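Here the structure comes first, spelled out in structure tokens, and everything after it is commentary.
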Amino acid sequence: MAAFGQCYNRRVPVFESRLLDLVTHNPAQTRQFGARIGRAIRAGDVICLSGELGAGKTTLASGIGEGWGAREVVNSPTFVFVNEYSRAAGGKLYHVDAYRLRDAADAESIALPDMLNEVSEGKSAILIEWSERVADQLPPERLWIDLLWVEESARRIQVAANGARHEALLEQIR
Ligand code: ADP
Ligand code: MG
């Protein structure tokens, strides 16, 4: 019975293969983790970054852009709303800041539906900061990343995948 009890108490979540939960201890680690994601991104992928101001979304995004191979450094698009990146290997990566988007009309004003169409056609990939603000306008199949402030230099990063392609992406990142 003791052996059964130990087995029963092992902390193996049922959906382990679809979730990744880690803590970074400085911005460089967050950036490095982002680069891991960026290297695995393919056209058609939807990467959502959710979290409060200072949670590390832009730090992670800049690592993602670097790993993907963006020709320019991916900075916060807070005042630009949308940045479009290219790379030597070909392809396109949209980087959207949804902070100021309140409704579908706002999303349309920055052509978010058009970008998502392009992504669904496999022509480009998209990275969305403050994705929680436009969650209802995003496709259900996506990589959803929650960033949480733990302490001054520590951030918790929780990654959840929906759909076969994004689950495969998560496995590659792990
Ligand atoms: P957001 O885009 O979510 O507002 P930023 O990436 O712009 O967040 O800012 C995160 C801030 O937190 C930066 O000043 C960064 O230096 C700091 N920071 C401290 N520790 C970390 C960490 N482990 N990961 C990411 N950023 C961190
Ligand atoms: Mg930001």
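The values are calculated or read from the model by the stated rules, or taken from the named source; none is laboratory data. All values reported here derive from a predicted model rather than from experimental measurement. Virtual Cβ from ideal backbone geometry, glycine too; neighbours counted across all protein chains shown. Surface accessibility is based on the protein's heavy atoms, side chains included, excluding ligands, DNA and RNA. Shrake-Rupley method; radii C 1.70, N 1.55, O 1.52, S 1.80 Å.
Exactly one residue out of Ile157, Ile128, Ile145 is outside any helix (DSSP H, G or I), open to solvent by less than 30 Å² (accessible area, probe 1.4 Å), within 16 Å of ligand 2 (Cβ to nearest atom) and closer than 15 Å to Tyr94 by Cα: that is Ile128. State all residues of the range 40-64 that are open to solvent by less than 20 Å² (accessible area, probe 1.4 Å), in contact (Cβ under 8 Å) with a residue 60 or more places away in the chain, part of a helix (DSSP H, G or I) and within 16 Å of ligand 2 (Cβ to nearest atom); if no residue qualifies, say none. Within the range 40-64, Lys57, Leu60, Ala61, Ile64 qualify. The number of residues in the range 139-154 being of a type outside the set (S, T, N, Q) and closer than 24 Å to Glu66 by Cα comes to 10. Only residues that are near ligand 1 (Cβ under 8 Å from one of its atoms) and among the small types (Gly, Ala, Ser) were counted across the range 35-61, and they come to 5.
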